[in-house]
Amino acid sequence: KEHCTWEMVCDLYARTSRIVLSIDPDAKVGGPAIAYDPRDQGEPYMRSFLAYCARNSLPLDFVCYHGYRKGHPREFEDMVQTVRAMVREEYPALPREPEYFLDEFNLWDTGEHQDTEYAASYITAAHHFMKRGGITKAGYVSLNHFIPDNKPDSTVFECTGPFDKTTSQSGR
């Protein structure tokens, strides 16, 4: 049984990106979608991924990562700028500036702030600072499923697909 290493993850990116581009040369490829803040715990992963891409002249159309547990929305601007600086440092020969995706972020509050005007203003401010920092796209992730059951239902919109297991799929 083999243990997965970060080098193996990077190698998988190399092989996958080459396969994707052999099928569709216009496809965009990127990564690494790390779940840690790239300014602290995630920095070694982000830097090593970028350095691996540079050493192997791999395509990198976008750089993506997650951003959770930020005390102030302004931190998102710093995070984007930090990642952009890492790309310039670790992959200076990159032919063009990649796009920057914060593919998961939220307020990360399971208390009284989760479904209030505070959360709405936090998310709006976070988008402002991300855009100011140079983010290309961001994806908000709701944590409503962490709200204790004794709270009233606060779902505003819900979309379920064919693989959803939260509702009965009888007769299908």
Pairs with Cβ under 9 Å, 6+ apart, first in the range 23-38 and open to solvent by 100 Å² or more (accessible area, probe 1.4 Å), second assigned to a strand (DSSP E or B) and of a type outside the set (Gly, Ala, Ser): 28/62; 28/99; 36/65; 36/66
Members of the range 61-102 that are closer than 22 Å to residue 41 by Cα, part of a loop (DSSP other than H, G, I, E, B) and within 15 Å of the chain's Cα centre (by Cα): 68, 69, 70
The listed residue being open to solvent by 80 Å² or more (accessible area, probe 1.4 Å) and free of Cβ contacts under 8 Å to residues at least 12 places away in the same chain, out of 69, 55, 132: 55
Test: residue 102 is in contact with a strand residue (DSSP E or B) (Cβ under 7 Å, 6 or more places away or on another chain), under 21 Å from residue 13 (Cα atoms), of a type in the set (A, V, I, L, M, F, W, C) and at pLDDT 80 or above: yes
Breaking point among (1) modelled with pLDDT under 60; (2) under 25 Å from residue 81 (Cα atoms), for residue 122: (1)
Selected residue (criterion: nearest to the chain's Cα centre (by Cα)) from residues of the range 8-60 that are of a type in the set (Asp, Glu) and over 25 Å from residue 105 (Cα atoms): 11
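The values are calculated or read from the model by the stated rules, or taken from the named source; none is laboratory data. Computed from a prediction, not measured in an experiment: that's the story for all the values here. Every residue, glycine as well, gets a Cβ built from its backbone with ideal geometry; the counts of neighbours run over all protein chains shown. Ligands, DNA and RNA are stripped out before the accessible areas are found, and what is left, the full protein with its side chains, is counted by its heavy atoms. Shrake-Rupley method; radii C 1.70, N 1.55, O 1.52, S 1.80 Å.
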